[in-house]
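J.: Sharing a structure, written as structure tokens. Questions coming.
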């Protein structure tokens, strides 16, 4: 999300929490420039129906937090806005707002959990290595060399290209960004025209990338479990993926344009109720390489096990054949539906009616 939109969403929720005509003065760290960004974005949004709805939903999520704090004997004022502060790469939980001992993370229609490289997601994270940004070899070449070569060759054939860069490696090494961008757009047209040979070759590449990426994740996880056989060794990986922190915190904002606010359990109390059993990566056949990460949990009270999935989409960062492949990890559920979260909409139904 663009920086101005992020500034707006965080300040909008904060203003709703303090619910005062002097709202800006009750929020620490806001500068005159920040106010100008907020007012500019507010003006922009209120010019459209959807934009107006987004403002209303953000304010409603702030009202949910305000009511929760008041019910717990806390006067919601003197908030510190910390969203503009940089945080360390190893910190998985954003702290955008803080009021007394409560930390609040603001998300506006944000389903992306992790935006990294395939090397980070499939090699580092299953080995408990966090905060390392790596690129390495092109992931498509590494995981589906024959399939991407075939796909690239067929694209050249159907586009009538007969230059000396016949291998994908030579194409990447010798063509500049502008050429790659034009080439990618022409390849996209082949897809739009439903060229069967191209579509089949691309699907074969996607399926192979998904299959091999899943295997790499599972192999690295197995190595980690062999090196650290303790039943709690996997918990830091779960904490990183699911944003569980050492203290309780509130995550709020909008999901699918609807207001939400949830109190997420701290790691100590989470462990008293649940145990993290395992992760299994599975390839998913889709219009791009995709992998499902199936997280398996056990409820210690009921003895029942349950799964919560995360989806990894692997794609070129700037269109077909443009940029290094990236790996985006998406949630496919609502924070409010997680067993270890407390939905703050409960007993606040009037606030969330649109």
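The values are calculated or read from the model by the stated rules, or taken from the named source; none is laboratory data. Keep in mind that what you see is a predicted model, and the values were worked out from it rather than measured. Using ideal geometry, Cβ is built from the backbone for each residue, glycine included, and neighbour counts are taken over all protein chains shown.
J.: If you check residue 307 against the conditions, is it outside the structural domain of residue 95 (by TED's automatic domain parsing) and at pLDDT 95 or above? So that I can check it myself, show each step before the final result.
T.: Working: outside the structural domain of residue 95 (by TED's automatic domain parsing): yes; at pLDDT 95 or above: yes.
Yes.
J.: Select from segment 263-293 the residues that are in contact with a helix residue (DSSP H, G or I) (Cβ under 8 Å, 6 or more places away or on another chain) and part of a loop (DSSP other than H, G, I, E, B) and write down the one among them that is surrounded by the most Cβ atoms within 10 Å (Cβ to Cβ).
T.: 289
J.: Continuing with this model, one more query. Can you name the condition, by its number, that residue 82 falls short on among (1) at pLDDT below 95; (2) buried (at least 17 other Cβ atoms within 10 Å of the Cβ); (3) under 13 Å from residue 261 (Cα atoms)?
T.: (3)
J.: Only residues in segment 154-170 that are at negative phi and touching a residue at least 40 places away in the same chain (Cβ under 8 Å) count as the first member; pair them with residues that are part of a loop (DSSP other than H, G, I, E, B) and surrounded by 12 or more Cβ atoms within 10 Å (Cβ to Cβ), Cβ under 7 angstrom, at least 6 apart or cross-chain, and list the lot.
T.: Every condition considered, the pairs that remain are 158/195.
J.: Looking for whichever is farther than 19 Å from residue 289 by Cβ and under 30 Å from the mean Cα position of the chain (by Cα) here; the options are 182, 156. Which one fits? I'd like the intermediate steps shown before the answer.
T.: Details: 156 fails: under 30 Å from the mean Cα position of the chain (by Cα).
Among 182, 156, only 182 is farther than 19 Å from residue 289 by Cβ and under 30 Å from the mean Cα position of the chain (by Cα).
J.: Looking at this structure, is residue 65 in the same structural domain as residue 100 (by TED's automatic domain parsing), on the phi < 0 side of the Ramachandran plot and under 25 Å from the mean Cα position of the chain (by Cα)? Even if it seems obvious, please write down each step before you answer.
T.: On the way: in the same structural domain as residue 100 (by TED's automatic domain parsing): yes; on the phi < 0 side of the Ramachandran plot: yes; under 25 Å from the mean Cα position of the chain (by Cα): yes.
So residue 65 passes the test.
J.: Within segment 31-76, which residues are surrounded by fewer than 17 Cβ atoms within 10 Å (Cβ to Cβ) and in a loop (DSSP other than H, G, I, E, B)?
T.: Result: 31, 46, 47, 48, 72, 73, 74, 75.
J.: From (1) part of a loop (DSSP other than H, G, I, E, B); (2) surrounded by fewer than 19 Cβ atoms within 10 Å (Cβ to Cβ); (3) touching a strand residue (DSSP E or B) at 6+ places or on another chain (Cβ under 9 Å), pick out the condition that doesn't hold for residue 244.
T.: The single condition residue 244 does not satisfy is (2).
J.: Let me ask something additional. Would segment 71-79 turn up any residue that is modelled with pLDDT of 95 or more and touching a strand residue (DSSP E or B) at 6+ places or on another chain (Cβ under 8 Å)?
T.: So far as segment 71-79 goes, no, none of its residues is modelled with pLDDT of 95 or more and touching a strand residue (DSSP E or B) at 6+ places or on another chain (Cβ under 8 Å).
J.: Which count do you get for residues in segment 212-238 that are in a loop (DSSP other than H, G, I, E, B) and crowded, with 19+ Cβ neighbours inside 10 Å? Break it down into steps so the answer makes sense when it comes.
T.: Residues of segment 212-238 that are in a loop (DSSP other than H, G, I, E, B), as a first pass: 228-234.
From what's left, crowded, with 19+ Cβ neighbours inside 10 Å: 234.
Result for segment 212-238: 1.
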